[in-house]
Amino acid sequence: MRKDVRILLVGEPKVGKTSLIMSLVSEEFPQVVPYRAEEITIPADVTPERVPTHIVDYSGTVTANVICIVYAVNNKKSIEKQSNQPFTTFLSVLPSPYRVPVILVGNKSDLVEHSSMETILPVMNQYTEIETCVECSAKNLKNISELFYYAQKAVLHPTGPLYCPEEKQ
Ligand code: GTP
Ligand code: MG
């Protein structure tokens, strides 16, 4: 059994990385967001998989067991960027011998009516590291706990099937 899980959030500026972490912790959308959230630790007994979980806001020097690449669903540019350079940059900060699962996180779903899945599917097909994708909103707290649950699961059960909540309906 793993003794803990480290989840790292990365992504273009202003897509809502820090807001997602703060929304999870306080169960309320932060009106004022610091640039970076302090690393937080969720005790084992309140996580679905019963494993202590650390959540880390992006910084160039940290390592992790799972990476959440956050983009904003209302910003086509932040989506497209995931398919090229920044994505491989994020992967390259990790120690190479271990394969780290990646979760694509489309934040700010409160701002759009249509899903971004169509745009994101080609990216998912391009990188086998991508375990799953999820659309969420730090603002209306949609799919926030799910996102961190998928991240935990990607580490603890890495062969899990592809899962998109949008396809569930
Ligand atoms: P950097 O640290 O500068 O890279 O940005 P970040 O990715 O941490 O984004 P941050 O959490 O600072 O949020 C950027 C802006 O987007 C803020 O004005 C937030 O209030 C807003 N925001 C974050 N999440 C959401 C969301 O789900 N919906 C909406 N409508 N706005 C959001
Ligand atoms: Mg931030």
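Please treat every number below as a calculation from the coordinates, not as lab data. Given the structure is predicted, the values throughout are model-derived calculations rather than measurements. Positions of Cβ are backbone-derived with ideal geometry, glycine not excepted, and every protein chain shown enters the neighbour counts.
Any of K14/K77; K77/K153; K108/K139; K14/K76; K77/K142; K76/K153 with alpha carbons more than 19 Å apart? Name them for me. Could you put the intermediate results ahead of the total?
Details: K14/K77 12 Å; K77/K153 29 Å; K108/K139 7 Å; K14/K76 13 Å; K77/K142 22 Å; K76/K153 28 Å.
Beyond 19 Å between Cα atoms: K77/K153; K77/K142; K76/K153.
Only aspartates and glutamates eight or more places from K3 in sequence, or on another chain, were considered; those with a Cα closer than 14 Å are D45, E49.
Between segment 14-64 and segment 110-156, the C-alpha centres lie 16 angstrom from each other. Between T47 and T63, the simple label model (points 7 Å from Cα in the Cβ direction) yields a spacing of 1.8 nm.
Distances between placed amide hydrogens fall under 5 Å for Y71 paired with V105, G106, N107, all partners being 5 or more residues away or on another chain. If R0 is 30 Å, the Cβ-Cβ spacing of N125 and K14 corresponds to a FRET efficiency of close to 0.65.
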